[in-house]
1. In region 51-74, what residues are surrounded by fewer than 20 Cβ atoms within 10 Å (Cβ to Cβ) and within 21 Å of A25 (Cβ to Cβ)?
2. Taking region 39-56 only, how many residues are touching a strand residue (DSSP E or B) at 6+ places or on another chain (Cβ under 7 Å) and outside any loop (DSSP other than H, G, I, E, B)?
3. Looking at this structure, is S19 at pLDDT below 95 and either surrounded by 14 or more Cβ atoms within 10 Å (Cβ to Cβ) or in a helix (DSSP H, G or I) (or both)?
4. May I ask you to list pairs of residues, at least six apart or on different chains, whose Cβ atoms are under 7 Å apart, with the first in region 102-116 being loosely packed, with under 10 Cβ neighbours inside 10 Å and the second being modelled with pLDDT of 95 or more?
5. Only one of A88, A79, A31, A60 is in contact with a Ser or Thr (Cβ under 6 Å, 6 or more places away or on another chain) and without any contact (Cβ under 8 Å) to a residue 60 or more places away in the chain; which?
6. Name every residue in region 63-99 that is part of a helix (DSSP H, G or I), farther than 11 Å from E45 by Cα and over 14 Å from the mean Cα position of the chain (by Cα), in order of residue number.
Amino acid sequence: MKHLLLTFLLLSTTTFAASLSTIKAQMKARAGEIATLKASGHLGEDAKGLLSVRTATPAATATAQAENADRKLVYRALAAKAGGSADAVGQRAAARYAERSPAGTWLQAVDGTWSQKE
């Protein structure tokens, strides 16, 4: 029984790591499109570490939905590993995304207000 449980945990961890690897690859593949959509003002970075559609287009909506689904999975995984909350991980990610975003990117402050990065 103990051996079976250990095998299950090992397989679960391996599958989870492969899954995160796939998610990171998907996110990397979308990075160029996200940068273009952010530069055009269609997408912004919210205070929760997610993309927000500022000007709705099919491309902006689809890209934000896909990216946000992946970001949420990554945030939950990081929170589970560190023993914190996914919301806290997302807020820290939001600060990093804001810092790394180029001038002109729409950013949401913690109080909910939006401004373009200078």
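The values are calculated or read from the model by the stated rules, or taken from the named source; none is laboratory data. This is a predicted model, so every value here is computed, not measured. Virtual Cβ from ideal backbone geometry, glycine too; neighbours counted across all protein chains shown.
1. Scanning region 51-74 gives A59, A62, Q65, A66, N68, A69, D70, K72, L73, V74.
2. Final tally of qualifying residues: 6.
3. Details: at pLDDT below 95: yes; either surrounded by 14 or more Cβ atoms within 10 Å (Cβ to Cβ) or in a helix (DSSP H, G or I) (or both): yes.
Spelling it out, S19 is indeed at pLDDT below 95 and either surrounded by 14 or more Cβ atoms within 10 Å (Cβ to Cβ) or in a helix (DSSP H, G or I) (or both).
4. Partner pairs satisfying both residue conditions: A103/K117; A103/E118.
5. Details: A88 fails: in contact with a Ser or Thr (Cβ under 6 Å, 6 or more places away or on another chain); A31 fails: in contact with a Ser or Thr (Cβ under 6 Å, 6 or more places away or on another chain); A60 fails: in contact with a Ser or Thr (Cβ under 6 Å, 6 or more places away or on another chain).
Exactly one of A88, A79, A31, A60 is in contact with a Ser or Thr (Cβ under 6 Å, 6 or more places away or on another chain) and without any contact (Cβ under 8 Å) to a residue 60 or more places away in the chain, namely A79.
6. A80, K81, A82, listed by residue number.
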